[in-house]
Every structure is written in structure tokens, then in C-alpha cells.
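*Asks:* Once you've had a glance at the structure underneath, I'll fire off some questions.
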Amino acid sequence: MDSNQTNKINRVSLKAMTIHSLQIMIDQFKELSPNNDFQILLLTPFGFIAGDLEALASTEEMLSPNENSNFNFDVSAVVTTRNEFVNKMKDENPAVEVIDNGAALNFKNVRVFKDQLCEPILNMNQMLVFADQIISFSIVPRDFDQQEL
């Protein structure tokens, strides 16, 4: 394996690492006081996304029971499955080359805003965001309104 191939394999998304670092800082800030309750706010080409960054689920964690005797599906497990699939493909054919890094971030308690941060157009329990869609970021109080910003 030449150095160019090694560099491609060892690439990481600095953007994703930056967002993970921001969540660590938010968690530390909350430990100082329960009133320090913030979420990450992302600016994307579509609009704004506010949410809590969570770890990606393993395939064993993708289903969890809920109060209605049904199951919740953690979509972040698809990243783990994808990575396992890519590794299997590379084992079968070493010439397989991944063409992007596909870094995905798993957000919970998600609110999506289109133009202004007045009213969310969508509320979701979970959303995966590809890191290449992030233009900028900040933190906002969990229950912010337009006047606070």
C-alpha cells in the first residue's frame, strides 16, 4: 500500500470532530449548572438544525422498546452497518475505493428551521446529518425563542 492509499484510509472529518468537541464542551458547561442547557445549532444549505449530538448506535442497539410495546429504531446504526459493509467489500476486493468520507452526525431532539428561528418546520426524535452539509455552527439555549438570539 503506497502512502497515497494510506492517507485516504486514515482521513477523518475535521468538521465532524469539531462538532463532537463542541458537544463535549456543552456537556461540561451543563455539569457546572443545570441551567446551562444548550443544544448545537447548525447552519446548513437548507436552513437551521438544532439538536443534541449523540453517539452512533451499534447494530445491537438499533432497536429499543418504547412505552407502547413497540420498538424505536435508531437510524444511526445504519452508519455502523455501512462501515461493516465497506470493510467486507474491501476484504473481497482490495481495489474498492471510498470516494467521500461520509461522516455522519447523530442528533436527537431535533428541530429544523427554514428561514428564521421563530417556529420549527419539523420536530424529530432523531436525524443523521452528513458533516459536509454543515456551513457553520453555534450553541443555543434548549428552549430559545427569537428574542433571546
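*Asks:* Can you tell me how many residues in region 82-101 are within 25 Å of I40 (Cα to Cα) and exposed (fewer than 15 other Cβ atoms within 10 Å of the Cβ)?
*Replies:* Matching residues across region 82-101 total 1.
*Asks:* Looking at (1) part of a strand (DSSP E or B); (2) in contact with a Ser or Thr (Cβ under 9 Å, 6 or more places away or on another chain), which is the one condition that is false for T81?
*Replies:* Just one mismatch for T81, condition (1).
*Asks:* Let me ask something else. Would you pick out the residues in region 50-67 that are within 11 Å of T80 (Cβ to Cβ) and at pLDDT below 85?
*Replies:* Hits for region 50-67 are L56, A57, S58, T59, E60, E61, M62.
*Asks:* While we're looking at this one, here's another question. Can you find a residue that is of a type in the set (F, W, Y), in contact with a strand residue (DSSP E or B) (Cβ under 7 Å, 6 or more places away or on another chain) and buried (at least 17 other Cβ atoms within 10 Å of the Cβ) anywhere in region 125-139?
*Replies:* No; the residues of region 125-139 include none that is of a type in the set (F, W, Y), in contact with a strand residue (DSSP E or B) (Cβ under 7 Å, 6 or more places away or on another chain) and buried (at least 17 other Cβ atoms within 10 Å of the Cβ).
*Asks:* Condition check: polar (S, T, N, Q), out of contact with any Cys (no Cβ under 6 Å at 6 or more places or on another chain) and within 30 Å of C118 (Cβ to Cβ). Does N72 satisfy that?
*Replies:* yes
*Asks:* Which of the residues belonging to region 87-111 are outside any loop (DSSP other than H, G, I, E, B) and either basic (K, R) or under 21 Å from H20 (Cβ atoms) (or both)?
*Replies:* K88, K90, A104, L105, N106, F107, K108, N109, V110, R111
*Asks:* Could you give every pair whose Cβ atoms fall below 8 Å, whose first residue belongs to region 121-135 and is touching a residue at least 12 places away in the same chain (Cβ under 8 Å) and farther than 14 Å from I40 by Cβ, and whose second residue is surrounded by fewer than 18 Cβ atoms within 10 Å (Cβ to Cβ) and among the polar types (S, T, N, Q), counting only separations of at least 6 or pairs across chains?
*Replies:* N125/N72; N125/N109
*Asks:* Looking at region 102-117, which of its residues are surrounded by fewer than 11 Cβ atoms within 10 Å (Cβ to Cβ) and free of Cβ contacts under 8 Å to residues at least 60 places away in the same chain?
*Replies:* Result: Q116, single match.
*Asks:* Select from region 34-65 the residues that are of a type in the set (D, E, K, R) and over 14 Å from F137 (Cα atoms) and write down the one among them that is surrounded by the fewest Cβ atoms within 10 Å (Cβ to Cβ).
*Replies:* Restricting to residues being of a type in the set (D, E, K, R) and over 14 Å from F137 (Cα atoms), the top hit is E60.
*Asks:* I would also like to ask the following. Filter region 62-78 down to the residues that are without any contact (Cβ under 8 Å) to a residue 12 or more places away in the chain, touching a strand residue (DSSP E or B) at 6+ places or on another chain (Cβ under 6 Å) and assigned to a loop (DSSP other than H, G, I, E, B) and list them by number.
*Replies:* The one that is without any contact (Cβ under 8 Å) to a residue 12 or more places away in the chain, touching a strand residue (DSSP E or B) at 6+ places or on another chain (Cβ under 6 Å) and assigned to a loop (DSSP other than H, G, I, E, B): N66.
*Asks:* Turning to a different aspect of this structure: Can we say D74 is of a type in the set (D, E, K, R), surrounded by fewer than 13 Cβ atoms within 10 Å (Cβ to Cβ) and either modelled with pLDDT of 90 or more or closer than 27 Å to L122 by Cβ (or both)?
*Replies:* no
The values are calculated or read from the model by the stated rules, or taken from the named source; none is laboratory data. From a predicted model like this one, the values you see are computed outputs, not experimental measurements. Glycine gets a Cβ as well: all are built from the backbone with ideal geometry, and neighbour counts include every protein chain shown.
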